[in-house]
Amino acid sequence: MTSRERWLAGFQHRLPDRVPLDYWATPEVTIKLMAHFGVGDYPALMQKLHVDNPVSVGPLYVGPTLKEGTDVFGVSYREINFGTGVYAETASHPLEDFNSVEEIERNYTWPNPDWWDYSEIAKQIEGLEDHPIRGGGSEPFLTYKDLRGQEQAMRDLVENPEIVHYCLGKLFELAYQNTLRIFEAIPGKVMLTYVAEDLGGQTNLLMSPRHIREYLFPGMQRIIDLTHSAGAYVFHHDDGNITRILPELVDLGIDLLNPIQWRADGMDRQMLKQQYGSRIVMHGAMDNQYTLPFGSVEEVRAEVRENIRILGAGGGYILAPCHNLQPVTPLGNILAMYETAYEEGWY
């Protein structure tokens, strides 16, 4: 089977030839793996690891010139060096000082969908038709937290509901238009649309189910419906323990759940497979709270086998790290994960 066929088999509740594999990692890890295999590009690395990686497409930004280190929303970033790598952290929150919708409307310019050019998207998938194509989607509360600051964003859910509704409405609409224009640029080619929101922590939800239903579900439903109308599937990323809201997410129409962070309270793999395996694909489940970064090679191999046995039973499972592989993760553990999954994941 091709990579695209393996993913499609899961969504159609058919057995693939083997468990599909996916790859999530920081740039530092990717560079280290490329050096290990002696390859010069990302596609060659994916071949070495037998990964069935999706190919992401997106438009070209042609809007107003952005200040250096600033994104299209006006959020600025600074690089944080943690010894073995770097990451970008927000350094400013453009909407943090506003106290009303009227203030925001007077002083802030929202990005316009016309700031992007979609005419070159078809060229991005030329020669890559054997891979699942990923395009469009939404994760607006993540952006909202960057715009308002994390603490203020959470307080707004209770203290400033009108600001939350207004801003999320703008963000959802931008995401909807982006997704629609990608579908129009390559009709019938997109398989995956990334409709995400990190709603769970280690022990419970990060916000109440009432607030999730009020602020997020209506916009998510609109993009999910658009995705399904285009013949594509909804890839839903949601960290932590989301068991209190998961039945509603499935009813909303998600087709795949990532990352299956099973060390979080309540996220038992057997329970997830039994209750939801007939309706959604499971993606991830290779733990990088302990097993991948700190476990032994044998513990990694054992976890691969457990995930294939539990989540891969009858198909509908794509094996991947729960989150990006980090520089602290031993190379031997990464190789053991992909080697074992490829050797033992055949149906």
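The values are calculated or read from the model by the stated rules, or taken from the named source; none is laboratory data. Note that this is a predicted model, so its numbers are computed, not measured. For neighbour counting, all protein chains shown are included, and Cβ atoms are generated from backbone atoms with ideal geometry for every residue, glycine included. SASA here: full protein model, heavy atoms, side chains in, ligands and nucleic acids out. Shrake-Rupley method; radii C 1.70, N 1.55, O 1.52, S 1.80 Å.
Applied to the stretch 249-263, the Karplus parametrisation 6.51 cos²θ - 1.76 cosθ + 1.60 on θ = phi - 60° returns per-residue 3J(HN,Hα) values of 5, 5, 5, 5, x, 5, 10, 8, 10, 10, x, 6, 7, 6, 7 Hz, with x for Gly and Pro.
Taking only the alpha carbons of the stretch 1-42, we obtain Rg and Dmax values of 14.1, 38 Å in that order.
Expressed as a whole percent, the accessible area of the stretch 284-343 that falls on carbon and sulfur atoms is 55 (1.4 Å probe).
Over every pair of different alpha-carbon atoms in the stretch 24-153, take the mean of 1/r and invert it; report that Kirkwood radius in Å. Provide the component values of the computation, followed by the final result.
On the way: mean 1/r = 0.0552 Å⁻¹.
Evaluated over the stretch 24-153, this radius sits at 18.1 Å.
The largest-to-smallest principal axis extents of the Cα set in the stretch 93-149 are 50, 21, 14 Å. Around the amide H of I133, modelled in the peptide plane, lie the amide H atoms of V55, M191, L192, all under 5 Å away and 5 or more residues distant in sequence or on another chain. For V281, the amide hydrogen comes within under 5 Å of the amide hydrogens of L256, L257, counting only partners 5 or more places away or on other chains and with H modelled in the peptide plane. In the distance distribution for the stretch 118-182, Cα-Cα pairs more than 19 Å apart total 47 percent. Taking all protein chains into account, the per residue accessible area for the chain stands at 44 Å² (1.4 Å probe). Taking amide H as placed 1.01 Å from N in the peptide plane, the amide H of L325 sits under 5 Å from that of W24, A25, T26, each at least 5 places away or on another chain. Taking the stretch 174-269 on its own, what percent of its Cα-Cα pair distances exceed 20 Å? Counting pairs separated by more than 20 Å, the tail of P(r) holds 38 percent. Computed across the stretch 193-337, the Kirkwood radius stands at 15.7 Å (inverse of mean 1/r, all Cα pairs). Over all distinct Cα-Cα pairs of the stretch 273-347, the Kirkwood formula returns a hydrodynamic radius of 12.5 Å.
Ignoring everything except DSSP H segments at least 4 long, calculate the 222 nm mean residue ellipticity for the chain; use -39,500 (n - 2.57) per segment, divide by total residues, nearest 500.
Details: 14 runs with 143 residues, N = 347.
So the helix-based figure for the chain works out to -12000 deg cm²/dmol.
Across q = 0.07, 0.08 Å⁻¹, the chain modelled as identical point scatterers on its alpha-carbon atoms has Debye log10 I(q)/I(0) values of -0.30, -0.40, in the order of the q list.
May I have the count of lysine pairs in the chain with C-alpha atoms under 26 Å apart, counting pairs 8 or more residues apart or located on different chains?
Step by step, the pairs that qualify in the chain add up to 7.
Across the stretch 132-138, coupling constants 3J(HN,Hα) worked out from phi with the 6.51/-1.76/1.60 Karplus curve, θ = phi - 60°, read x, 9, 10, x, x, x, 7 Hz, and Gly and Pro carry x.
Can you list the chymotrypsin sites (Phe, Trp or Tyr not before Pro) in the stretch 73-181 that are in a DSSP coil and have 11 or fewer other beta carbons within 10 angstrom?
Working: sites: F73, Y77, F82, Y87, F98, Y108, W115, W116, Y118, F141, Y144, Y166, F172, Y176; in loops: F73, F82, F98, Y108, Y118.
Those that pass, being in a loop and sparsely packed, are F82.
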